Each structure stands twice: as structure tokens, then as C-alpha cells.
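The structure appears right after this line, and notes come after that.
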Amino acid sequence: MSVRHLYVHVPFCAHRCGYCDFVTVVGRSAQHAAYVDAILRELELESDLLAERLETVYLGGGTPTFTEPAQLGRLLASLPPAVEVTVEANPETVTPAVAELLREAGVTRVSLGAQSFQPRLLDVLERAAQPDAVRRGFYHLRDAGFDNISLDLIYGIPGQSPSDLDRDLAEAIALSPEHLSCYELEAKPGTRFTHAHGPELLQQAEAIEGYFEQVVETLTSAGYRWYETANFCRGGRRSRHNLAYWLGRDYLGLGIGAVSTVAGGRWRNAPRLAAYLAALAEGRRPPRELEALDAETRRRERLMLGLRLDEPVPVRAVAGVVDGVAFDRLQDLGLVERRGAGLVLTERGRFLGGGVTADLLREVELETPAKN
Ligand SMILES: C[S@@+](CC[C@H](N)C(=O)[O-])C[C@H]1O[C@@H](n2cnc3c(N)ncnc32)[C@H](O)[C@@H]1O
Ligand code: SF4
């Protein structure tokens with residue numbers, strides 16, 4: 001087997017931010033060591049799937065940098081080396097000692113969750129880090145020698161105005177990160193956060209296209225390449241790990257809630273800490289949901305994810321899933337084009353994003369139930 005991309009989910013956080021829908025576990029420092037043991041057991045069980053040399057390792061969360069430092073160090077030291085090793089970090093957890101620990105453990109890239117630089121918006125998001133902490137965390141990483149730092153921002157926050165967003169972008173650019181991820185706030189219906197900010201969220205939804213254009217225009221004017229719908233980089237510093245997802249490569253995911261896609265199959269570990277620890281303590285694989293991926297599904301995913309990029313999706317990789325009539329119509333509208341042997345969205349098409357891609361996908365013929 002030759003999987004070259006490894007994701008490790010580290011779910012622990014100091015507290016739960018109201019808008020967050022990721023698989024997280026608050027506190028539990030007494031279980032951090034057991035979790036690292038379990039991850040390493042799962043890695044051992046799946047090690048046959050991995051290539052001899054990995055291209056990327058990504059520790060996501062949760063808040064990996066909230067993990068007990070000794071356990072985080074042990075985990076990083078035990079994972080296979082890779083060309084790009086990314087760790088997600090929350091600003092308030094990045095002390096000089098943690099920055100040093102990451103650097104010495106071979107981490108090459110840190111993704112720092114800033115979200116905003118406005119104190120009142122950070123409060124709405126229930127973030128622990130105020131703007132000064134974001135800047136401090138960033139400089140601790142620079143001081144430790146990191147030359148590949150990404151900042152996450154969120155837009156569409158209740159109470160945010162276009163000038164707030166301008167200020168956030170200016171503050172982020174002033175730090176000169178190599179990479180920026182700018183996400184539209186997603187608020188799940190039925191959550192405490194959505195309940196608390198319902199009318200504000202509706203207002204923001206109407207303004208969201210304008211925010212997206214503001215983000216793209218500001219960052220591209222500042223010299224960032226808009227290489228993926230929500231991602232921007234300078235100096236060729238794309239996220240190699242996330243590129244692997246967008247290019248439809250196989251990846252192995254370890255930890256609770258982690259997804260793996262390998263050789264035409266996909267599985268998702270159950271998002272339950274106790275069940276995960278118990279299974280791996282006995283040397284068993286954790287409870288999982290399995291899904292077989294047929295060639296057509298993979299090609300459809302390849303198109304949906306590949307069109308998020310600014311480089312063409314090879315036509316041969318999506319053979320049979322593009323609706324030719326829709327393609328001609330969208331091409332006439334200036335939303336999609338052929339480039340070499342591939343398809344790519346135009347700038348206008350990229351602003352419309354998912355809607356154009358959905359139109360391009362050939363409708364799947366539903367099987368008619370057999371008559372008796
Ligand atoms: C998996 S989270 C973990 C990062 C880290 N714990 C933090 O909070 O900074 C990675 C990124 O996803 C984004 N994110 C999380 N929840 C989101 C939501 N509901 N809508 C949009 N972006 C979200 C944030 O920008 C966050 O930095
Ligand atoms: S710190 Fe990050 S992962 Fe944890 S709850 Fe907040 S947004 Fe979610």
C-alpha cells in the first residue's frame with residue numbers, strides 16, 4: 001500500500017467555542033497519555049497501508065497544542081516523518097516553550113486559529129484568545145524559527161461589518177503569514193450558538209457573497225495566491241496536506257472521528273472517546289462506519305473538490321460525470337473553461353463556487369424499483 005498522507009485527530013480543548021462543530025473533548029488531561037497510546041496502537045494496526053515515505057502529516061483538532069506537552073512531544077516523536085508536518089494551534093496555547101517543542105519535534109508548519117482581531121467578535125465566538133494573544137502566539141512561532149505559518153479567519157460573524165472584516169484582513173496581512181484560510185461562518189441549525197444569534201446570522205447570510213469578494217480582493221491585492229476557494233498563500237506555500245484531499249489522493253486518519261479514504265473504501269472512526277480508548281487498549285480497531293466508494297462516486301468527488309482549486313481538473317479524471325450540455329451553457333456564461341486537457345472555473349465561476357459545480361455534475365439516474 002502506498003498512502004502518503006496521514007491525519008491525526010487530537011480532540012482536546014480547554015473549552016468549547018459556541019460555533020464549533022468539530023469532534024472535541026473538553027479538558028481530560030488525565031486521559032491525554034491514554035489517547036496518545038491509543039493513536040500509536042491504531043497507527044501500528046494500519047501501518048501496512050502507509051508508504052515508506054510520507055509526504056504530509058497533519059495534527060488537527062480540537063486543540064493539539066492544548067495536549068499535555070509531554071504527551072504531544074511523545075506523539076510527534078512517534079509519528080513517521082514527512083516532508084510537511086502541520087500542527088493546528090490555538091494562539092493562547094503557544095508559549096515560547098510550546099513553539100520550541102513543535103520545532104524540535106520536526107513540525108514544519110503551524111496553522112494558528114486567529115478567527116478575528118476584534119475583541120467583541122472574539123467574544124461572540126467565545127474565543128479564549130484576544131488579539132494580543134494571537135499576535136504573541138504568532139511571534140513565538142516566528143522566534144522559534146517557523147517560516148510556514150497559516151492564520152485562520154472567519155467571516156460572517158454576528159455583529160461583523162464590512163469595515164470589521166477590512167480591519168481583520170489588514171491585521172492578518174500585517175503579520176505577514178505565508179498562508180491564510182478564510183472561512184465563512186457555518187452555524188448548525190439547532191445549536192446553542194444559532195439560537196443565541198439567529199436574526200444576526202440571517203443578516204450575515206445576505207451579506208456573505210460581498211464578504212467573500214472582499215476577502216479575495218484584499219488578499220490577492222496583498223500578493224496572496226487564491227489557490228483554493230477558502231485558501232491563500234504566498235511564495236508557493238500551499239497546504240500540501242489539504243491539497244491531497246482536493247486532488248482526491250488517499251489518506252489515513254487516526255483518532256476519534258477521523259476519516260480515512262484508501263483504495264476505494266472510506267471509514268470514519270466513531271467520535272466517542274471512551275469506545276476508542278477501550279478498543280485500542282485491547283488491541284482492536286475502534287468502532288467505525290464503513291463506506292464502499294465506487295469509481296463514479298470518486299470521480300464526482302474529484303470534480304467537486306478539484307474545481308475548488310485554481311488549477312485544472314484533468315478531463316480524464318472526471319470522465320462520465322460532467323454534464324456536457326451544462327458545461328457548454330456554463331462556458332457560454334463565462335463560468336467554466338477548458339484549459340489544456342482540463343476543466344477549471346473562471347474567476348466569476350469561482351465566486352459562485354459550489355452552485356456551478358453542482359450544475360456541472362451529470363444527474364445520477366435513479367434506479368427504478370423492479371416491478372413484481
Ligand atoms: C478544526 S478547527 C481547530 C482549530 C483550533 N482549535 C482553533 O479553534 O483555532 C480549524 C478551523 O476551522 C474553522 N472553523 C471551526 N468551526 C467553524 C465554523 N463553524 N464555521 C467556519 N469555520 C470554522 C476555524 O477557522 C478553525 O481555526
Ligand atoms: S478551540 Fe477550536 S476545536 Fe476547540 S472548540 Fe474552539 S474552535 Fe472548536
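The values are calculated or read from the model by the stated rules, or taken from the named source; none is laboratory data. All of these numbers come straight from a predicted model, not from anything done at the bench. We place every Cβ from the backbone using ideal geometry, glycine too, and count neighbours over all the protein chains shown.
Evaluation of G248 against the conditions (1) more than 16 Å from the chain's Cα centre (by Cα); (2) at positive phi shows that the sole unmet condition is (1). The condition (being in contact (Cβ under 8 Å) with a residue 40 or more places away in the chain, more than 14 Å from ligand 2 (Cβ to nearest atom) and among the acidic types (D, E)) is satisfied by just one residue among E84, E52, E92: E84.
What residue, among those in the stretch 167-208 that are among the acidic types (D, E) and loosely packed, with under 13 Cβ neighbours inside 10 Å, is nearest to L112 (Cα to Cα)? Among those residues, the one meeting the criterion is E186. Taking first residues from the stretch 124-136 that are without any contact (Cβ under 8 Å) to a residue 60 or more places away in the chain and closer than 15 Å to A14 by Cα and partners that are within 14 Å of ligand 1 (Cβ to nearest atom) and outside any loop (DSSP other than H, G, I, E, B), the Cβ contacts under 6 Å between residues at least 6 apart in sequence or on separate chains come to A129/P91; A129/E92.
Each residue in the stretch 24-49 was checked for being touching a residue at least 60 places away in the same chain (Cβ under 8 Å) and assigned to a helix (DSSP H, G or I), and 12 of them qualify.
Looking across R329, R300, one residue alone is of a type outside the set (S, T, Y), at pLDDT 95 or above, surrounded by 14 or more Cβ atoms within 10 Å (Cβ to Cβ) and under 24 Å from the mean Cα position of the chain (by Cα). It is R300.
Of all residues in the stretch 24-48, count the ones that are touching a helix residue (DSSP H, G or I) at 6+ places or on another chain (Cβ under 9 Å) and within 13 Å of ligand 1 (Cβ to nearest atom). Adding up the residues that qualify gives 1. Considering the stretch 280-293, the residues that are without any contact (Cβ under 8 Å) to a residue 40 or more places away in the chain and not in a loop (DSSP other than H, G, I, E, B) include one that is farthest from V25 (Cα to Cα), namely A292. Cβ-Cβ distances below 6 Å connect the following pairs, each with a first residue in the stretch 314-339 that is touching a residue at least 60 places away in the same chain (Cβ under 8 Å) and under 22 Å from G248 (Cα atoms), a second residue that is among the basic types (K, R) and part of a helix (DSSP H, G or I), and a separation of six or more residues or different chains: A317/R302.
Does D168 satisfy being among the charged types (D, E, K, R), farther than 30 Å from E209 by Cβ and either within 23 Å of the chain's Cα centre (by Cα) or within 12 Å of ligand 1 (Cβ to nearest atom) (or both)? Judged against the criteria, D168 is not a match. Residue-level analysis places V26 among those that are surrounded by fewer than 16 Cβ atoms within 10 Å (Cβ to Cβ) and among the β-branched types (V, I, T).
Among the residues making up the stretch 58-71, a single one is in contact with a strand residue (DSSP E or B) (Cβ under 8 Å, 6 or more places away or on another chain), over 13 Å from S111 (Cβ atoms) and either outside any loop (DSSP other than H, G, I, E, B) or of a type in the set (D, E) (or both): F66.
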